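Here's the structure, in structure tokens; my notes come after.
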Amino acid sequence: MKVLFICNQNENRSKTAEELFKAKFETKSAGLYNEKPLTEKQLGWADVVVVMEDRQRSEIAKRFPKVYMQKRILSLDIPDVYYRGQPELVNMLKSKMKGLA
């Protein structure tokens, strides 16, 4: 399964998730508000899109309405208060991703 993790800058949350789950899934990550923001091609690649906050889901719907309607998008509800690889972030990601098969 191809899983795309998305957060605001693609520095902490989504990068940590990409690295954490690469043994279980085919993973990539992207940001919405960085120098190289999420593209329609990246979105199209994914079987499942995982956003860290609901507002990121809304932003994807605005930017890519056609692709958005075709994707399974999950929100983990993880606030932007963690640094890359932080143990609390890793534990939260593991816990919230348990249901994804």
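Among the GluC sites (Glu not before Pro) found in the chain, those both in a DSSP coil and sparsely packed, with 14 or fewer other Cβ atoms within 10 Å of their Cβ, are E35. Of all lysines in the structure, those lying under 18 Å Cα to Cα from K2, and not within fewer than 8 positions of it along the same chain, are K15, K22, K24, K28, K41, K71, K94, K96, K98. The trypsin sites (Lys or Arg not before Pro) of the stretch 1-76 that meet both conditions, a loop assignment by DSSP and at most 13 other Cβ atoms within 10 Å of the site Cβ, are K22, K24. Only Lys, Arg, Asp and Glu carry charge here, each on its Cβ (+1 for the first two, -1 for the last two); on that basis the stretch 48-89 has a dipole of about 400 debye about its Cα centre. Enumerate the whole-percent occupancy of each 5 Å bin, from 0 to the last occupied one, for all C-alpha pair distances of the stretch 2-97. With a bin width of 5 Å, the distribution comes to 3, 15, 28, 28, 17, 8, 1, 0. For n ≥ 4 DSSP H runs only, could you compute -39500 (n - 2.57) per run for the chain, divide by its residues and tell me the 222 nm figure to the nearest 500? After summing the helix terms and dividing by the residues of the chain, the value is -11000 deg cm²/dmol.
Only the coordinates and a few stated rules stand behind these numbers; no lab work does. Note that this is a predicted model, so its numbers are computed, not measured. All Cβ positions, even for glycine, are placed from backbone atoms using ideal geometry, and neighbour counts span all protein chains on display.
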